[in-house]
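The values are calculated or read from the model by the stated rules, or taken from the named source; none is laboratory data. Because the structure is predicted, anything quoted here is derived from the model rather than measured. Every residue, glycine as well, gets a Cβ built from its backbone with ideal geometry; the counts of neighbours run over all protein chains shown. Accessible surface areas use protein heavy atoms only, side chains included; no ligands, DNA or RNA. Shrake-Rupley method; radii C 1.70, N 1.55, O 1.52, S 1.80 Å.
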Amino acid sequence: ENRRTMTGLNRAPWMYRLGIPLFHVAAGVGILTVRPTLSAISVGLVLYVLRGFGITVGYHRYFTHESFRASRPVAFLLALLGGLAGQGRASWWVYRHRKHHRYTDRIGDPHSPRVGGFYHAHLGWLFRRSTPDDRFGETTLKNGWPRELRVLDRWIPVLFVAQGAVLYSLGGTAMVVWAYLVPTIVSWHLTFLVNSLYHVSGDRPLDTADDSQNNVFF
């Protein structure tokens, strides 16, 4: 079991190396060739808000920082919404974000412009293989969760792809482009900008050891 899980995690960068470029290409072609419909735009906006809630409130505030308590059904819903945003499994996201806070803008930070440059902080870090320590950290983190969260964590990649198929069944290509591809990419890059741009540009009202900054766009 552990061996299969660790092998799968080790191959994850290949999903990103292939999936992220293909996602962008498909979205670009779709924007140029598929006319948006009101229903597709409406569904896309709703999904953007719900999945963004799953990332910011679920993955970030609840799972990473444990800022509040939630019942098991609410925690499951938050993990599901966050996973449907296409930013990886909760265990993968949470472990790396905690690591980012532990080593912010120092060696060990997964995505620091100071350490690896702007492209690395924005996108390049996603293409790096998980280390044994990362895989052990993810597994340890996940082992402390209820069973339903562990099962959901395993199936999130499948559910993320499946939502595209469901949207296609509801509204065809327009729904896939404008309710799935485009909102997902917008969500990705707004998240990536927190790691890249907002560590090199913005206001610094407090003198801290890291490069994090306030930005008018956030």
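Some notes on this structure:
- Residue in region 91-106 that is among the hydroxyl-bearing types (Ser, Thr, Tyr), farther than 17 Å from residue 15 by Cα and touching a Leu at 6+ places or on another chain (Cβ under 9 Å) present: yes
- When the test is whether a residue is surrounded by 14 or more Cβ atoms within 10 Å (Cβ to Cβ) and either modelled with pLDDT of 95 or more or not in a helix (DSSP H, G or I) (or both), residue 209 does not pass it.
- Note on region 163-186: among residues that are open to solvent by 20 Å² or more (accessible area, probe 1.4 Å) and within 12 Å of the chain's Cα centre (by Cα), the one that is nearest to residue 24 (Cα to Cα) is 185.
- Test: residue in region 113-123 that is farther than 19 Å from residue 160 by Cβ, in a loop (DSSP other than H, G, I, E, B) and of a type outside the set (Phe, Trp, Tyr): yes
- One residue from 69, 102, 128, 89 being closer than 24 Å to residue 47 by Cβ and open to solvent by 30 Å² or more (accessible area, probe 1.4 Å): 89
- Residue within region 77-86 that is open to solvent by 70 Å² or more (accessible area, probe 1.4 Å) and either small (Gly, Ala, Ser) or over 19 Å from residue 140 (Cα atoms) (or both) present: yes
- Flag for residue 190 being surrounded by 13 or more Cβ atoms within 10 Å (Cβ to Cβ), modelled with pLDDT of 65 or more and out of contact with any Pro (no Cβ under 9 Å at 6 or more places or on another chain): yes
- Residue pairs whose Cβ atoms lie under 8 Å apart, sitting 6 or more positions apart in sequence or on different chains, and linking a residue in region 141-161 that is among the polar types (S, T, N, Q) to a partner that is modelled with pLDDT of 95 or more and part of a helix (DSSP H, G or I), are 143/150.
- Selection within region 145-156 - open to solvent by less than 40 Å² (accessible area, probe 1.4 Å) and within 19 Å of the chain's Cα centre (by Cα): 149, 152, 153, 156
- Region 31-46, residues that are surrounded by 14 or more Cβ atoms within 10 Å (Cβ to Cβ) and either more than 17 Å from residue 164 (Cβ to Cβ) or under 22 Å from the mean Cα position of the chain (by Cα) (or both): 41, 43, 44
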